[in-house]
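No lab work stands behind these numbers, since they all come straight from the coordinates. Values in this document were obtained by computation on a predicted structure and should not be read as measured data. We place every Cβ from the backbone using ideal geometry, glycine too, and count neighbours over all the protein chains shown.
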Amino acid sequence: ISTRLKVTNYKTKKVKKNFAYTSGMAELEVPAESDYLEVRYSAKLPAPTLDRKYRTIAHIFGTNTNIVEQFLLERKVKGPCWMEIKNFKKNQSPSSYCKQEFTVPDIGSISVVTQAATTAPPPPLVICAINVRSILNKGNNEIAMISMLTHDRFPLNRAAPNPPFTKAFCGVARPSGTSWPYDFNPAEKKRTKVTKCENERTLLNWFLSMYGNIDPDLVVTHDAYDFQLDLVCQRLMAMKIPQWARVSRLKMKTPSTRRVDDFFVGRLICDVKTSAEELIKSRSYDLNTLCAEVLKVQDGERKDVLLEDIPAMFEKSAELGQLIDLTMQDNFYTMRLLCEMNVLPLALQITQIAGNLMNRTLHGGRAERNEFLLLHAFNEKDYILPDKVQTKMGATQEAGEPAERRKPKSKAAYSGGLVLDPIKGFYDKFILLMDFNSLYPSIIQEYNICFTTVPPPPPGEETPTILQTEEMGILPRQVRKLVESRRAVKQLMKAPGLEPEQMMQYNIRQMALKLTANSLYGCLGYTRSRFYAQHMAALITQKGREILMNTKSIVEKMDYQVIYGDTDSIMINTNIVDYDQVFKIGASIKQFVNRTYKCLELDVDGIYKYLLLLKKKKYAAVSITKSGNEFKCTQELKGLDIVRRDWSKLAVIAGNFVLAEILSDKPMDERIENIHAKLEKLKTDLLTGATYPSLLDITKQLTRALNEYSDSSQLPHVTVAMRMNKTRNRNFKRGDMVGYIICDDGTTSPAMKRAYHIDELKDPANKDKLKPDVDYYLAQQVFPVVFRICEPLEGTDACRLALALGLDPKKFQAMNAASRDGYDRDHAEGEAVQKTIAQKYRMCHRFEFKCVACGSNNPVAAGFRKDGGKQRSVFERCANEKCEVRPLHYLPAIKNQLTLAIRGDIKRFYERWMVCDNPICGVNTRLSSQVATKNNPNCLHCLKGLLVQQYSETDLYLQLNYYNYIFDLSHYSSKFTRTLPLDIREAHDKLREMVRQFLVQSKYATVRMSTLYMNYAINDATGQKVNAVKAFAEVAATKVGGGGGEVKVKREGKMGAPTATKKRHFPFGKFLNRK
């Protein structure tokens, strides 16, 4: 090996090391502890390759470990810190632009100064915020303006100074082919030093000169990697500027790659867009949106300058001066975002916790942070570290951007967190929300889950076994450190009399600890992580599912109803409106659950005054908190369409109004009326042109470069971006948010092909050519959002909402069936728990019979109705007060009419009309696809929804039961005191018996044990194999009280061999009660 690699001088020694990983080692069994040969030689020479076979070497570890990682681990460097340097020599021929440069003989000359040895704070940084303006000239982005804001003593771990800069510079270059305005005077700008440059080359040279004098430690900008700094690097190379390497601290002749980080070597880069993507949730991360959501900048306070408008602004001095002001203003907003989100203090804390490089933390490499935390921990315990994951291109994970950015997320290869089936509906009694504090980190501690305690399961088995050991594993030990450190910091925050700056530092520290602890689990299930361990990730989520089900069971045994649960939280219907009493219930549940575990802790997360529960991961609520004797209510939204960015603002406004009405304290009838009135006004505003065009803007993100889209015809945002780049000198690129409006352009093209940018709509040349497509926005933007929100409510439905919006109700009539049934009909049992008779049969149609004498229709919603203050049977008197013939006299005719009604219902069921559950589609069809999801055929019309039976077997069975209920006298015994005449009782009984004959023919409610378990066998007490059906019958005979029993069930194959063994709990009583 040494001969092939030309290694002439090396050192070796025998060491004892531990090993505990499985990722990438499938073909090699590495012992848990073994002797290794450690080899050291110069890093200038290449490392051995793994593509060769050796006679005496099974594997070589560390072949792709870079020198930076080796230095951080061996010298135990955890983030920015004070260091002690020995045996140094000053370099006479510097290879960098640093003011001082030294060399040490080896890394052993560098050591970390412990916190106990010094109380010195981190040194202040020199920061420089950069903002670039460019114009498209001859197909190139020519830089026309560069602004810089600097601060030479910016604190790293304290509150940001106000203002956040001390000096302001701006360089302006005259675009090619233009001249300066005759009256332009840069000296008029008092707060900014403006420099005129005759062309782009001069501007770039001025920038490098100023930048070199500033010598920033940190460069701040917005959209650094896709535009700002990337453009600077491109133009430096294109213009062949001699001193281009001054942007870095390293003297280079050519950059190693064309990546921005390789140009700015030795300097930290903070892209506030990247930081915002990790720290906050937003519809968009462009500067305009961040200014509005983070800095609370009002509409109109910041003006966005379009790329095509810049050349015209160079024609007049006033407009050029305005452009300079706007450029400096955007730079100032970038600095404020840096300060407002506490990006630097938070990045410092996270880096010091994880032990990686701060530049990588600012870059958003969450997976790499987790890796370094574990690398330090395992290295300290003499474990060999797992090698870096090689990509298909042969580069290691850190060779480019963080891997989680470069590759789209793939579906996990194991089951994730459990989501309980929701009991959908609107709740106006207090809902108790409880959740486990840091569930996955707590599970790691509770069950001591670590690489050292959970070996991979044997082939064919899914669940790994946890080795029983008293010693805590390395992974749970790290988690415990993070959790206990955060608990200690939060305790410090409760100390009275804390200075605001100290409180901010504590808050940032606890936030960094929380972010790190909660993301640590992620590296176990991330396939490109060096610590990838699918069996451990699967075990953690399995334990999480068991804990949630166990918690649900405990709550239900305490006679409370769990209406929803998701991964680490549950919602409990308390059926009361006493705030203090609800908290007592929460404390009681908390006490019962927490006594079961050592590290897991269930706590009250909040109380909902109102809750609109739509489906899994979709709900809206009003949370209520108490301070003294005052209550404060806050609206919370989860997963609804109105929080997604790809709906128009008009749809979002409509959805927000509907939610505000539903979650208000008004009577329900008034809420429904207000919703209908609002929709009617919205329709009128759209038709009369009173709606602002900006409210119609639909926003979507470009997930790749425009030239990488193979077919953009069905992607309106891509089509608009391409057209705007081509015709209006825009610069839409990967990651940008593109807005478009669906217009009526006089063609018959589909809506997706009639998308236009708002600037195209506002263009005077298109005034008579383009108009917003009102029908599209009403039917496919507003209606779907509002319908999904109102779906569980009584008092409105799809037809009524469509009518309010001026749409054809017939087109939306079928959606009532979809909302009634849905493809998640497996939720029906949970929903039925809280239904009254009226709710249960609200979707059934009434029975009517026609009087043979007067021809009047007699509606039969129930067997009795009020007549003169008394309850009378429907057979005693005709609905027509003038008719004197009693229905009892023509009972056979009524019986025939009831028979025809039932046969009509059965016929309707067998016609099997289906409707798409996608509100935007809503197609009616009897043709279905062979491809199904959740037992429902996929819609062939829209390819997005599922086909649901308009009249399902559940609907038919419910209708038959409704008929049975109408004529069942036992339901009305409490409504009348007099004794019913014999002929009336017999009439009810005759019609009920006829309905029961139809019910007997229905197999909907029958469970045949002999068919269900005919292929199963059970071992009895003597070990003999007996038929499962026979065994169930014997056990059921002793379990009639509704109990259950656990049995081991073996399913036999065709040849009698057992194919599966499962342990199941069978509630025999329930089976007996349902035949």
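Can you check what the net charge comes to around Met239, using other residues whose Cβ is under 9 Å from the Cβ of Met239 (Lys, Arg +1; Asp, Glu -1)? Counting the neighbours of Met239, the net charge comes to +2.
Adding -39500 (n - 2.57) for every DSSP H run of four residues or longer, then dividing by how many residues the chain holds, sets the calculated 222 nm ellipticity at -10500 deg cm²/dmol. The aspartates and glutamates within cross-link reach of Lys1003, meaning a Cα-to-Cα straight distance under 18 Å and a gap of 8 or more places when in the same chain, are Asp826, Glu829, Asp905, Glu953, Asp955, Glu993.
Taking 32 Å as the limit for the C-alpha separation, the pairs Lys733/Lys934; Lys552/Lys632; Lys615/Lys810; Lys557/Lys616; Lys590/Lys649; Lys609/Lys700 exceed it in the case of Lys733/Lys934; Lys590/Lys649; Lys609/Lys700.
Each Lys or Arg adds one and each Asp or Glu subtracts one; over the other residues with Cβ under 14 Å from the Cβ of Lys11, this totals +1. Here the 3J(HN,Hα) profile of segment 418-425, calculated from phi with Karplus coefficients 6.51, -1.76 and 1.60 at θ = phi - 60°, is 7, 10, 6, 5, x, 8, 5, x Hz, Gly and Pro shown as x. For segment 652-700 versus segment 527-554, the inter-centroid distance based on Cα atoms is 42 Å. Peptides 629-635, 619-625, 785-791 ranked from most to least packed give 785-791, 619-625, 629-635, packing being the mean of other C-beta atoms within 10 angstrom over each peptide's residues. When the square roots of the Cα gyration tensor eigenvalues are ordered a ≥ b ≥ c, the ratio a/c for segment 239-389 is 1.5 or more and a/b does not exceed b/c, which makes its shape oblate. Listed by chain and number, the lysines whose C-alpha is less than 22 Å from the C-alpha of Lys811, apart from same-chain residues fewer than 8 away, are Lys678, Lys681, Lys683, Lys944. A simple charge model with +1 on the Cβ of Lys and Arg, -1 on the Cβ of Asp and Glu and nothing else charged puts the dipole of the chain at about 2040 debye relative to its Cα centre.
Over the chain, calculate the relative contact order: mean separation of alpha carbon pairs under 8 Å at least 6 apart, over the residue count, as a percent. It rounds to 7 percent for the chain. Taking Lys and Arg as +1 and Asp and Glu as -1, the other residues whose beta-carbon sits under 10 Å from that of Tyr692 total -1. 3J(HN,Hα) couplings calculated from phi for segment 209-214 with the Karplus curve 6.51 cos²θ - 1.76 cosθ + 1.60 (θ = phi - 60°) are, in sequence order, 5, 5, 5, x, 5, 5 Hz; Gly and Pro show x. Around the amide H of Val419, modelled in the peptide plane, lie the amide H atoms of Thr567, all under 5 Å away and 5 or more residues distant in sequence or on another chain.
Summary of packing: across the peptides 854-862, 230-238, the per-residue average of other C-beta atoms within 10 Å ranks them, highest first, as 230-238, 854-862. Couplings 3J(HN,Hα) for segment 600-612, derived from phi with the Karplus relation 6.51 cos²θ - 1.76 cosθ + 1.60 (θ = phi - 60°), are 6, 9, 8, 9, 6, 9, x, 10, 9, 6, 10, 9, 10 Hz, where x marks Gly and Pro. Put in order of Cβ neighbour count within 10 Å, fewest first, the listed residues Cys450, Cys844 become Cys844, Cys450. Rounded, prolate or oblate: pick one for segment 642-804, where a ≥ b ≥ c are the square roots of the eigenvalues of its C-alpha gyration tensor, a/c under 1.5 means rounded, and failing that, prolate if a/b is larger than b/c, else oblate. Here segment 642-804 falls in the prolate category. In summary, the aspartates and glutamates within cross-link reach of Lys251, defined as a Cα separation below 20 angstrom excluding same-chain residues under 8 places away, comprise Glu101, Asp215, Asp217, Asp230, Asp261, Asp262.
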